[in-house]
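Scroll down for the structure; my scribbles are underneath it.
Only the coordinates and a few stated rules stand behind these numbers; no lab work does. Since the model is a prediction, treat every value here as computed from it, not as a measurement. Here the Cβ positions follow ideal geometry from the backbone for every residue, glycine too, while neighbour counts run over all protein chains shown.
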2 protein chains.
Amino acid sequence: MDIREALYTTRAMRRVKPDPIPEDVQMRILDAAIRAPSGGNNQNWRFMLVDDPAKREQLGELYKVCIDLLWATIYKDKMDDAESDSTDPEAVQMRKIIKSVGWAQDNFASYPLLLFAFDRNDSSGGSIFPAIWSAMLAARAEDVGSSLTSVLAFKNSETFEILGVPEDKGWKMAACIPMGYPTGTWGVAERDPVHEVAYRNTWGDDVGFVIDEPLWSPES
Amino acid sequence: MDIREALYTTRAMRRVKPDPIPEDVQMRILDAAIRAPSGGNNQNWRFMLVDDPAKREQLGELYKVCIDLLWATIYKDKMDDAESDSTDPEAVQMRKIIKSVGWAQDNFASYPLLLFAFDRNDSSGGSIFPAIWSAMLAARAEDVGSSLTSVLAFKNSETFEILGVPEDKGWKMAACIPMGYPTGTWGVAERDPVHEVAYRNTWGDDVGFVIDEPLWSPES
C-alpha cells in the first residue's frame, strides 16, 4: 500500500468483526511499530497483545465504566450539546463519536486483539505515540482497523492488575488500541484544512497556500 | 512509496543540504499531517513553517544553548559514559548521537525548513505526535529528511517570542522538526527486537514469536 493512502485513510475504526488476526499480521504490525523514533533512541517502551477472552471481557467491563466517566466529566459540555437538538457541526460530530464509542462499549470483548503501549520517562508522549501511530498505519496496510483510546487510565490500577503490569517500575499506559477487520469501508478523514491551522514564520501569518481538497483521494 | 518502506526507513536525518523544499512538497507534507487522529477529533493543533533566514539564525542560537543544557542536565550520565572509553553499546550509540546533534548545532540555520507543531489541552501528547510522525513519514516519501526535537522547550519563552506565539492561549510547543534533503542515504533503523519489548496477555509473558531480522528490508 502506498504511504499516502495509509496516511489519508487510517482513521478510528471501532466497528470490527470478531475474526482473529493471524500471527504473521501481528508480527508485521509490531515489527513496524518498533522502527519508530524515540528520544535519544532510548526505546523505553513495552507493547502487550491481549487476545485472552477472559481478559478482554474484564477489560470490556472497565472500558464501559471509563467511557461513562469520560462523558460525565471531561466531555460533559460536549455531551450536553450533542444531546440537545443543535445542528452545530461539533454537536453533529459528537453524536457520531458517541454512537461509534457506544458500539465499542457494547462489544469491547469481541475485539479479537488489543494492543497496549507503555512508556517510561517520556513526559511529552513524543517517544511512544510515533510507535503507536506506526502500529495503526501498519495495521491499515494489512486491512486491520484500529482506534486509539487512553480512557482506561481512569481505572489504571484495575487495568494494571488485569495485565500484571508492575506498579513500581515507572511504566505508564500510553494507549490501548483495539484492532480487528472492519465491518465498514475506509475513507479519507475529514479535517480542518491546512491553511486554517498552519502559519508561516509568524503566528497568525498565512502559510502561503490554500488547500481546498485533500491532496490524495482514492481516485488519485 | 510503500508504507512499509516509509515506516522502516524514516529515521532521524540531521545532516541535510541547504536546498529549499518546493512549495508543493511542503503542501503534501502538511496535508498528510492533518489527516492524523486526535482525541475526540478535536484537531486542537497549529503548525508553523519557518523558512525566514533571520528567524532560522535566531532559533539556531537558541538550539545550540538548549542542546548544551540537555547534555549538562538530563543526559549528564549518558554524556559521561560517552566521553569515557567505554565500548558499551549505549555509550557507542550516544557518541553517534552527540556527533549528529553536534552537526545540527553547527548548522541549524542552514536547515531550509523548520516545522513547528503546537497542541492544546493534550496532556498525553496523543493528539499531536501522530500528526508530527505523519509529517515526517510524508516527508520521507518525498525524499525529505527530518528529525524531531523538543529541546527548544528549555528556552520556551524566547522561542515563542521569535515565532510570535501568544503565551496566554494555552498553546504548547510539542516539537520542532528541521527538514531538508539528506546528504546521506536512508537505511533501516536498528532497534531492540519485538520479542524483547513485547508481551502477550500478561506482563513478562512471551509474545509468542521471535523476530530476528527486520520483516522489511530494501531487498524485500
Residue of chain B whose Cβ sits closest to the axis mapping B onto A, with distance in whole Å: B:125, 1
- request: Between the label point of residue A:170 and that of the same position in each other copy, find the distances and list them shortest first in nm, with every label point placed 7 Å from Cα along the Cα-to-C-beta direction.
  value: 3.1
- prompt: Once amide H atoms are placed 1.01 Å from N in the peptide plane, what residues at a sequence separation of 5 or more from residue B:198, or on another chain, have their amide H within under 5 Å of its amide H?
  reply: A:47
query: Under the Karplus relation 6.51 cos²θ - 1.76 cosθ + 1.60, θ = phi - 60°, what is the ordered set of whole-Hz ³J(HN,Hα) values for the stretch B:180-191, x standing for Gly and Pro?
result: x, 7, x, 7, x, 10, 7, x, 6, 5, 7, 9
query: For a label point 7 angstrom out from the Cα of residue A:97 toward its Cβ, which stretches of the stretch B:115-135 have the backbone nitrogen within less than 17 Å?
result: B:119-131
- prompt: Once amide H atoms are built 1.01 Å from N in the peptide plane, which residues 5 or more positions from residue B:175, or in another chain, come under 5 Å H to H?
  reply: B:117
- prompt: So how strong a dipole does chain B carry about its Cα centre when Lys and Arg Cβ are +1 and Asp and Glu Cβ are -1, to the nearest 20 debye?
  reply: 540 debye
Average partner coverage of A:43-51, which counts Cβ from other chains inside 10 Å: 5
- prompt: According to the square roots a ≥ b ≥ c of the eigenvalues of the Cα gyration tensor, what is the shape class of the stretch B:24-110, taking rounded for a/c under 1.5, prolate for a/b larger than b/c otherwise, and oblate for the remainder?
  reply: prolate
task: Springs between alpha-carbon atoms under 10 Å, Gaussian network over chain A: tell me which of A:107, A:44, A:201 tops the mean-square fluctuations.
output: A:201
- prompt: If the label for residue A:202 sits 7 angstrom from Cα along the Cα-to-Cβ line, what are its distances to the same label in every other copy, in nm to one decimal, shortest first?
  reply: 6.2
- prompt: Rounded if a/c is under 1.5, else prolate if a/b is larger than b/c, else oblate: which is the stretch B:94-187, with a ≥ b ≥ c the root eigenvalues of its Cα gyration tensor?
  reply: prolate
Taking the convex hull of Cα positions in the protein assembly as shown, its mean projected area over all directions (nm²): 21.0 nm²
query: Between residue B:68 and residue B:219, how many nm apart are label points set 7 Å from Cα along the C-beta direction?
result: 4.7 nm
- prompt: Among all stretches of chain B without exposed GluC sites (Glu not before Pro) (DSSP loop, at most 13 other Cβ atoms within 10 Å), which one is longest?
  reply: B:1-166
message: For peptide A:165-176, what's the mean number of Cβ atoms from other chains within 10 Å of each residue's Cβ?
response: 1
query: For chain A, what is the convex hull volume of the alpha-carbon atoms per residue, in Å³?
result: 164 Å³
query: Hey, in the GNM for chain B with a 10 angstrom Cα cutoff, which one of B:149, B:183, B:202 fluctuates hardest?
result: B:202
Neighbouring partner chain Cβ atoms per residue of A:204-217, average, 10 Å criterion: 4
